[in-house]
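*Asks:* Let me begin by handing over the structure; questions about it come next.
The values are calculated or read from the model by the stated rules, or taken from the named source; none is laboratory data. Keep in mind that this is a model prediction, so the values were computed, not measured. As a convention, Cβ positions derive from the backbone with ideal geometry for all residues, glycine included, and neighbour counts pool all protein chains shown. Keep in mind that these areas ignore ligands, DNA and RNA; they rest on the heavy atoms of the full protein, side chains included. Shrake-Rupley method; radii C 1.70, N 1.55, O 1.52, S 1.80 Å.
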Amino acid sequence: MSPAFIDMNIHEYQAKQLLARYGVTVPLEIPAKSLAEVRPAADKITASGSSRVVVKSQIHAGGRGKGTFKSGFQGGVKVAASVDEAVGFAEKMLGNVLVTKQTGADGRMVQTLLLAAGAKIKKEFYLAVLLNRETSRPLIMASTEGGMDIEEVAEKHPEKIFKETIDPAVGIMPYQARKIAAALVGQASSLSAGKMPAPLNTDMFNACVKLITGVYNTWWECDAAMVELNPLAVVELADGKETVMALDAKISLDDNALYRHKDILEMRDLNEEAPLEIEASKFALNYIKLDGSIACLVNGAGLAMSTMDIIQHFGGNPANFLDVGGGASKEQVTAAFKIILSDPHVKGILVNIFGGIMDCNVIATGIVEAVKEVGLKLPLVVRLEGNNVLAGKATLAASGLAHDFAKDGPHVVMGPVAIENAQAGDVLKVEMISLLPRVPYGVISNRHGKGALPGEFPENAGPQPGAGAASPQLYNNVSKFVPIQRIDGKWYGILAAGREGKIHIPIAPFMGTMGVAPNVSGKPNSIPPGDYGGNLDIHYLTAGATLYLPVQVPGAMFFIADPHFAQGNGEVSLTEIEGSLRTT
């Protein structure tokens with residue numbers, strides 16, 4: 001099982017090492033991982049003729065120059081006029097936490113510094129190579145507005161962004177590199193007249209062409225997801241000559257190709273990654289920690305993003321992006337669930353699986369094993385659809401996972417939905433327009449001794465000693481899946497009878513629970529109905545029916561739950577058929 005990343009990032013000094021391999025000019029730079037290494041590095045830089053030493057914090061985040069250390073020291077990038085000043089800056093940076101606009105409030109600890117020769121900057125540009133996913137071709141982006149966030153340039157000065165699409169079959173052509181070089185100096189039209197664009201002379205222009213070609217080759221040969229120079233700059237050297245140079249660089253690598261680049265993989269800095277993300281990578285899981293409290297376990301990146309959008313839409317905040325993929329094993333699912341449970345910020349878990357290649361029972365088995373191993377004290381909602389879903393649901397039902405009905409209530413409530421301008425004393429009119437089965441099965445449940453026909457389930461011998469919320473399996477409750485079929489335009493539940501017989505139960509869907517928020521303090525009980533509605537279990541409330549509810553609190557806060565496919569005059573031995581409905 002190979003490690004998984006979401007585009008591996010490397011430090012600035014490592015990015016420049018890769019760029020230099022392909023002919024890109026970079027300043028004299030020396031990384032330092034301890035204070036003992038700082039002074040010798042600064043001495044070497046000043047001995048090269050540079051009057052200034054740039055001290056740059058190395059973290060995987062932008063906005064370092066404008067960042068603030070938690071110690072109060074301002075700026076993660078400083079220009080020192082002497083070796084002693086460079087050492088002083090290093091003492092305030094190395095081993096301290098830097099907070100930038102991209103790190104979040106927690107910041108990142110600076111464990112490596114980059115000391116570089118100071119450059120006399122004449123002009124700053126922006127240059128990047130990335131994959132255009134719309135055309136499936138490499139794209140070179142350039143702008144004369146270097147040193148700025150490219151998003152800001154795109155918003156305020158879109159005309160200053162130049163793009164060139166590269167044919168991957170032939171690579172970057174010389175005319176394309178010249179075109180970008182000319183665009184950066186804003187004199188592309190002068191080339192047709194045989195003039196070199198100012199302020200670049202012939203040597204400068206050729207150097208720029210070479211650099212652009214080298215940046216593209218770095219992207220291609222290293223299987224990078226993105227190579228970004230911001231700024232790419234025209235600088236004046238100590239002898240007064242000018243050249244183009246990559247003053248800052250960022251490279252992210254395509255994780256799918258890292259097996260071809262063992263040397264680049266060794267550049268991975270685990271100190272810059274969240275511990276949970278490191279653990280997830282060991283099991284080839286696509287996991288990104290976020291700042292919310294609702295954890296997600298989903299198969300497929302698109303479904304994962306949609307699930308996070310839904311959580312956000314309804315006022316929650318996702319705690320992570322976690323895609324177990326289409327062919328995850330039981331071990332991977334178990335590992336994924338353990339990772340979720342080890343995040344102290346998680347307050348609830350949503351598992352949303354649509355099984356195509358993915359086997360729903362593999363998901364269910366992994367969840368059960370993880371919960372039994374590490375325990376579960378958080379709310380857990382599991383939605384399984386698709387491949388082998390019945391087996392998955394059966395695995396969850398037989399798992400013995402604790403569920404305290406007395407504390408939590410038996411129903412997963414949808415809502416509440418605020419009704420604009422609704423006030424106490426108003427009446428809410430609820431019309432049932434359409435109620436259709438979402439899945440081709442329902443569930444019949446039985447709890448020993450309940451209802452009128454407990455003898456119909458002879459395998460239920462009654463609760464065993466120790467039955468309770470911690471050991472619900474000891475109740476010996478029974479759940480049976482009932483196939484739902486459409487026959488001659490009508491829905492029926494098919495219940496086996498005897499060896500070969502079948503009972504066709506007409507389906508008349510309704511919502512067992514509908515109501516508005518009661519005007520009470522504390523947590524209301526969801527089981528008994530009241531004048532606010534609630535757990536009504538009135539089977540007449542099918543499509544075409546109307547329910548009137550007296551509003552008790554501002555906004556009404558309407559909610560529904562407990563979808564039924566069929567029920568007689570009351571829940572006889574709890575043998576109504578419950579299922580999943582699309583409601584209007």
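*Asks:* Per residue, what accessible area does the stretch 318-363 have, given a 1.4 Å probe and all protein chains present, in Å²?
*Replies:* On the way: 1540 Å² over 46 residues.
Value returned for the stretch 318-363: 34 Å² of accessible area per residue.
*Asks:* Loop-only check: which chymotrypsin sites (Phe, Trp or Tyr not before Pro) in the stretch 52-97 are DSSP coil with at most 15 other Cβ within 10 angstrom?
*Replies:* Numbers: sites: Phe69, Phe73, Phe89; in loops: Phe73.
Qualifying residues, ordered by number: none.
*Asks:* Of the listed peptides 153-160, 341-348, what is their order by residue-averaged count of other C-beta atoms within 10 Å, with the highest listed first? Walk me through the numbers before you get to the answer.
*Replies:* Values: 153-160: 12.1, 341-348: 14.4.
Ranking the peptides 153-160, 341-348 by packing returns 341-348, 153-160.
*Asks:* Quick check for you: with a 1.4 Å probe and neighbouring chains kept, what is the accessible area per residue of the stretch 216-279, in Å²?
*Replies:* With all protein chains present, the stretch 216-279 gives 45 Å² per residue.
*Asks:* Another question about this same structure. So what are the ³J(HN,Hα) numbers for the stretch 27-41, from phi and the Karplus equation (6.51, -1.76, 1.60; θ = phi - 60°), rounded to whole Hz, Gly and Pro as x?
*Replies:* Karplus-based 3J(HN,Hα) across the stretch 27-41 equals x, 5, 9, 9, x, 9, 9, 8, 5, 5, 8, 5, 4, x, 5 Hz.
*Asks:* Another one. Report, in listed order, any pair from Lys16/Lys120; Lys122/Lys179; Lys92/Lys241; Lys393/Lys490 with a Cα-Cα distance greater than 29 Å. Walk me through the intermediate numbers first.
*Replies:* Values: Lys16/Lys120 19 Å; Lys122/Lys179 21 Å; Lys92/Lys241 35 Å; Lys393/Lys490 26 Å.
Check vs 29 Å cut-off fails for Lys92/Lys241.
*Asks:* May I pose another question? Could you tally the net charge around Gln176, taking each other residue with its Cβ under 14 Å from the Cβ of Gln176, Lys/Arg +1 and Asp/Glu -1? Working shown, then result.
*Replies:* Values: positive: Arg137, Lys163, Arg178, Lys179, Lys210; negative: Glu164, Asp167.
Local charge sum for Gln176: +3.
*Asks:* Oh, and also: Are there GluC sites (Glu not before Pro) in the stretch 84-135 that DSSP marks as loop and that have at most 11 other Cβ atoms within 10 Å, and which are they?
*Replies:* On the way: sites: Glu85, Glu91, Glu124, Glu134; in loops: Glu134.
Of the GluC sites (Glu not before Pro), the ones in loops of the stretch 84-135 whose Cβ has at most 11 other Cβ atoms within 10 Å are Glu134.
*Asks:* Would you please classify the overall shape of the stretch 74-150 from the alpha carbon gyration tensor, given that a ≥ b ≥ c denote the square roots of the eigenvalues, rounded means a/c under 1.5, and beyond that prolate means a/b larger than b/c while oblate covers the rest?
*Replies:* Working: a/c = 2.97, a/b = 1.62, b/c = 1.84.
Oblate, because a/c is 1.5 or more while a/b does not exceed b/c.
*Asks:* Still on this structure: Sorted by mean Cβ packing within 10 Å, highest first, what order do the peptides 420-428, 305-313 take?
*Replies:* On the way: 420-428: 12.2, 305-313: 15.6.
Ranking, from highest mean packing down: 305-313, 420-428.
*Asks:* Which one of Thr583, Asn352, Ile487 has its Cα pushed farthest toward the positive end of the charge dipole of the chain, where Lys and Arg give +1 and Asp and Glu give -1 at the Cβ?
*Replies:* Of the candidates, Asn352 comes out farthest on the positive side.
*Asks:* Another question about this same structure. Given the Cα-Cα distance of Lys101 and Glu151 and 0.36 nm per residue of separation, how much length would full extension add, in nm?
*Replies:* Details: separation 50, 0.36 × 50 = 18.00 nm, distance 1.41 nm.
In short, 16.6 nm is gained.
*Asks:* So who's got an amide H within less than 5 Å of the one on Asp426, skipping anything under 5 residues away but keeping other chains? H placed 1.01 Å off N, in plane.
*Replies:* Val551
*Asks:* Follow-up. Work out how far the C-alpha atoms of the stretch 109-186 reach from end to end along every principal axis, then list the three figures in whole Å, largest first.
*Replies:* Rounded to whole Å, the extents work out to 40, 31, 27 Å.
*Asks:* Restricting to Cα pairs below 8 Å that are 6+ residues apart, what does the relative contact order work out to for the chain? Please round to a whole percent. Display every interim value, and only then the final one.
*Replies:* On the way: 1246 pairs, mean separation 62.4, N = 584.
Value for the chain: 11 percent.
*Asks:* Can you give the FRET efficiency to the nearest 0.05 for Lys163 and Ser48, using r as the Cβ-Cβ distance and R₀ = 45 Å?
*Replies:* On the way: r = 37 Å, r/R0 = 0.82.
Efficiency, rounded to the nearest 0.05: 0.75.
*Asks:* Okay, next question. Taking amide H atoms as placed 1.01 Å from N in the peptide plane, list the residues 5 or more away in sequence, or in a different chain, whose amide H sits under 5 Å from that of Arg383.
*Replies:* Here Val351, Asn352, Ile353 satisfy the definition.
*Asks:* Can you compute the helix-only [θ] at 222 nm over the chain? Use -39500 (n - 2.57) per DSSP H run of at least 4 residues, normalise by all residues, nearest 500 deg cm²/dmol. Write out the running numbers ahead of the final one.
*Replies:* Details: 14 runs with 142 residues, N = 584.
Value at 222 nm, helices only: -7000 deg cm²/dmol.
*Asks:* Roughly how many percent of the accessible protein surface of the chain is carbon and sulfur, given a 1.4 Å probe and a whole-percent answer?
*Replies:* Details: 15740 of 29380 Å².
The computed percentage sits at 54.
*Asks:* Label the stretch 256-331 by shape, choosing from rounded, prolate and oblate, from the square roots a ≥ b ≥ c of the eigenvalues of the Cα gyration tensor; if a/c is under 1.5 it is rounded, and otherwise prolate applies when a/b is larger than b/c, oblate when it is not.
*Replies:* Numbers: a/c = 2.48, a/b = 1.71, b/c = 1.45.
In terms of gyration-tensor shape, prolate.
*Asks:* Leaving out ligands and nucleic acids, and using a 1.4 Å probe, what accessible area per residue does the stretch 74-127 come to in Å²?
*Replies:* Values: 2420 Å² over 54 residues.
Value returned for the stretch 74-127: 45 Å² of accessible area per residue.
*Asks:* Could I ask something else about it? What spacing in nm lies between the two simple spin-label points modelled at Leu390 and Asn317, each 7 Å away from Cα in the Cβ direction?
*Replies:* Result for the modelled spin labels: 4.3 nm.
*Asks:* Are there chymotrypsin sites (Phe, Trp or Tyr not before Pro) in the stretch 278-363 that DSSP puts in a loop and that have at most 13 other Cβ atoms within 10 Å, and which ones?
*Replies:* Loop-located and lightly packed - Phe314.
*Asks:* Here is a follow-up. Taking the structure as given and computing Kirkwood radius over Cα pairs in Å, which label from (i) 28.9; (ii) 24.6; (iii) 31.5 fits?
*Replies:* This structure yields the entry labelled (i).
*Asks:* Would you please give the residues with an amide H less than 5 Å from that of Arg137, counting only those at least 5 places away or on a separate chain, with H modeled from the backbone geometry?
*Replies:* HN-HN under 5 Å from Arg137: Asn132.
*Asks:* Moving on. Let a ≥ b ≥ c be the square roots of the eigenvalues of the Cα gyration tensor of the stretch 311-372; is it rounded (a/c under 1.5), or, if not, prolate (a/b larger than b/c) or oblate? Could you put the intermediate results ahead of the total?
*Replies:* On the way: a/c = 2.27, a/b = 1.37, b/c = 1.65.
Oblate, since a/c reaches 1.5 and b/c is not below a/b.
*Asks:* Here's something else I'd like to know. Using the per-residue mean of other Cβ atoms lying within 10 Å as a proxy for protection, in what order, highest first, do the peptides 488-499, 26-37 fall? Kindly include the intermediate steps, with their values, before the conclusion.
*Replies:* Numbers: 488-499: 12.2, 26-37: 16.2.
So the peptides 488-499, 26-37, ranked by packing, come out 26-37, 488-499.
*Asks:* What net charge do the residues around Leu547 carry, taking every other residue with its C-beta under 9 Å from that of Leu547, with Lys and Arg at +1 and Asp and Glu at -1? Walk me through the intermediate numbers first.
*Replies:* Values: positive: Lys429; negative: Glu431.
Spelling it out: positives minus negatives among the neighbours equals 0.
*Asks:* Calculate one ³J(HN,Hα) per residue across the stretch 163-175 by plugging θ = phi - 60° into the Karplus curve 6.51 cos²θ - 1.76 cosθ + 1.60, and present them in order as whole Hz with x for glycine and proline.
*Replies:* 10, 9, 8, 10, 7, x, 6, 10, x, 5, 8, x, 5
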